[in-house]
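Q: Have a look at the structure that comes next, please.
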Ligand SMILES: O=P(O)(O)O[C@@H]1C[C@H](O)[C@@H](CO)O1
Ligand code: HPA
């Protein structure tokens, strides 16, 4: 099983008997350039399931073409991975979402794809949240991918809401498309790291630091969530 941990990279510390490879030591692998994306491929076990975790991913805005962003998914498919858990940090567009909430991705809006930068489509979900008592802070929603690296303007936030998006981020969809192309089963979720600003009266601005802080403050509960999730998916 493959887990894509992006800025949730510290969660890789839960992996048992880890063997870590730095991306720069893997021939032709891209290297991570975004703060919080540590750039390691970590092999080991979680809930007695063999896993490989990407501690850091690649974004279109880093200058990588989507084929390069998603190449690691193809590499993992070639080494036998057939299930993917994909995660991201995302801004909450839905007014009911609070910082730290989890959103299961039931669908997506691929803005890069609208512009012709997209090969495929597809996403799936699964569910194990009750035993952790997280019902009130989980949702099922639509993830919209924008190109980044800048955050959205107020007009863009309001447009995304009108289009039916519940959360917005800068990643994930290309990996999901390629994973589906490689016949993987995919489960995706977003951590809501900020509430998107939709009013000109609001003088605050989104920033990467608050994204990292929101992730870190939820790290323990997310570790538990992913550990249970991997155990459950591994048994399917
Ligand atoms: O890799 P993800 O999508 O989780 O990282 C998000 C998107 C941007 O890189 C950054 C925004 O602060 O976090
Ligand atoms: O508000 C956001 N917008 C886009 N990407 C993001 N990643 C985390 N938060 C956001």
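Q: Report the full-extension gain for the segment residue 35 to residue 199: residue separation times 0.36 nm, less the Cα-Cα distance, to one decimal in nm.
A: On the way: separation 164, 0.36 × 164 = 59.04 nm, distance 2.83 nm.
Using 0.36 nm per residue and subtracting the Cα-Cα distance, I get 56.2 nm.
Q: Given springs between every Cα pair under 10 Å in a Gaussian network model of the chain, which of 209, 38, 67 has the largest fluctuation?
A: So, out of 209, 38, 67, the one fluctuating most is 209.
Q: Still on this structure, I have one more. In percent, how large is the relative contact order of the chain, given Cα pairs closer than 8 Å and 6 or more residues apart? Intermediate values should be presented prior to the final figure.
A: Working: 484 pairs, mean separation 60.6, N = 236.
It rounds to 26 percent for the chain.
Q: Taking 0.36 nm per intervening residue step and subtracting the Cα-Cα distance, what contour gain separates residue 28 from residue 209 on full extension? Present the calculation step by step, with values, prior to reporting the outcome.
A: Numbers: separation 181, 0.36 × 181 = 65.16 nm, distance 3.00 nm.
The span from residue 28 to residue 209 would gain 62.2 nm if fully extended.
Q: Further question: May I ask you to sort 195, 224, 135 by Cβ crowding, counting other Cβ atoms within 10 Å and putting the fewest first?
A: On the way: 195 19, 224 15, 135 8.
Lowest count first: 135, 224, 195.
Q: Compute the convex hull volume of the Cα atoms of the chain, divide it by the residue count, and report the result per residue in Å³ as a whole number.
A: Given the Cα convex hull of the chain, per-residue volume reads 113 Å³.
Q: Which angle from 0 to 90°, rounded to the nearest 10, does the C-alpha axis of helix 219-235 make with the longest principal axis of the chain?
A: Helix 219-235 sits roughly 50 degrees off the main axis of the chain.
Q: Here's something else I'd like to know. So how far apart, in nm, are the two label points at residue 67 and residue 43 if each is 7 Å from Cα heading toward Cβ?
A: My value for the distance between the label points is 2.7 nm.
Q: Would you calculate the separation in nanometres between label points at residue 183 and residue 219, each defined as 7 Å from the Cα along the Cα-to-beta-carbon direction?
A: 3.9
Computed from the coordinates by the stated procedures, all read-outs in this text should not be read as laboratory data. Treat the numbers as computed from the prediction; the structure is a model and nothing was measured. All Cβ positions, even for glycine, are placed from backbone atoms using ideal geometry, and neighbour counts span all protein chains on display.
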